[in-house]
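A short reminder: the numbers here are calculations on the coordinates, not readings from a lab. If you're wondering where the values come from, they're calculated on a predicted model, not measured in any experiment. Here the Cβ positions follow ideal geometry from the backbone for every residue, glycine too, while neighbour counts run over all protein chains shown.
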Amino acid sequence: MKAAIVYASMSGNTEEVAELIAKACSEMQVEPTMIFADDVTTYQLVPYDIVYFGSYTWGDGQLPDEMRDCLKVVLKESPHAIPQAAVFGTGDKMFVKYCRAVDEMAYHLAKFGVPLAGELLKIEQSPRNRPHAVKEWTRRTLLQLQQEGAEQHGTTTKNQTA
């Protein structure tokens, strides 16, 4: 399996989360590729089984332009659907619209029929105090993806659990 981790980061916090996701993927024998949101092209995400989208929240709760443009490319301009996505982001709870960019990314992905793996991951500022939470979230999203893939191929049994 292959995972793309597409992210926008200003202060480095979201990039740190992306790096933790990449490390967790590798530990689960999933090949990760980290991609800056600005660098995503129309066909670039085709070979991936899951795409992690991550962003900081800008200003008064806005999705940053680089992630907005990235989503436009992959959702409106690419002829290939994203098979599965997961969404994460960083923010500061002192703001009323804490991690609103995460909710907006999930909204746009769902609007275009992209299935979302797991819950939305929102990290208060830096992941340095909670790396285990990022690792566990990544593990759950990958297990869900693997389980759904096995169910599609009819290889699960009644007693299998994640």
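So in region 89-107, with the set limited to residues that are farther than 24 Å from residue 139 by Cα and of a type outside the set (A, V, I, L, M), which one is farthest from the chain's Cα centre (by Cα)?
Residue satisfying both the conditions and the ranking: 95.
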(message) Tally up the residues in region 44-88 that are surrounded by 16 or more Cβ atoms within 10 Å (Cβ to Cβ), more than 13 Å from the chain's Cα centre (by Cα), in contact (Cβ under 8 Å) with a residue 24 or more places away in the chain and closer than 13 Å to residue 101 by Cα, please.
(response) 6
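Table: residues versus (1) among the aromatic types (Phe, Trp, Tyr); (2) assigned to a loop (DSSP other than H, G, I, E, B); (3) in contact with a helix residue (DSSP H, G or I) (Cβ under 8 Å, 6 or more places away or on another chain).
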{"site": "44", "(1), (2), (3)": "no, yes, no"}
{"site": "53", "(1), (2), (3)": "yes, no, yes"}
{"site": "70", "(1), (2), (3)": "no, no, yes"}
{"site": "82", "(1), (2), (3)": "no, yes, yes"}
{"site": "88", "(1), (2), (3)": "yes, no, yes"}
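In region 89-103, which residue that is more than 16 Å from residue 36 (Cβ to Cβ) and among the β-branched types (Val, Ile, Thr) is surrounded by the fewest Cβ atoms within 10 Å (Cβ to Cβ)? Spell out how you get there, then give the answer.
Initially, region 89-103 is screened for residues more than 16 Å from residue 36 (Cβ to Cβ), giving 91-100, 102-103.
Those still in the list that are among the β-branched types (Val, Ile, Thr) too: 96, 102.
Numbers: 96: 8, 102: 24.
Ranking the qualifying residues of region 89-103, first place goes to 96.
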(message) Can you confirm whether residue 118 is touching a helix residue (DSSP H, G or I) at 6+ places or on another chain (Cβ under 8 Å), free of Cβ contacts under 8 Å to residues at least 40 places away in the same chain and outside any helix (DSSP H, G or I)?
(response) yes
(message) Is it the case, given these coordinates, that residue 15 is part of a helix (DSSP H, G or I) and closer than 27 Å to residue 143 by Cα?
(response) yes
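Could you please let me know if residue 22 is within 16 Å of the chain's Cα centre (by Cα), buried (at least 16 other Cβ atoms within 10 Å of the Cβ), in a helix (DSSP H, G or I) and among the small types (Gly, Ala, Ser)? Don't jump to the end; show me each part of the working.
On the way: within 16 Å of the chain's Cα centre (by Cα): yes; buried (at least 16 other Cβ atoms within 10 Å of the Cβ): yes; in a helix (DSSP H, G or I): yes; among the small types (Gly, Ala, Ser): yes.
Here the answer is yes, as residue 22 does meet what is asked.
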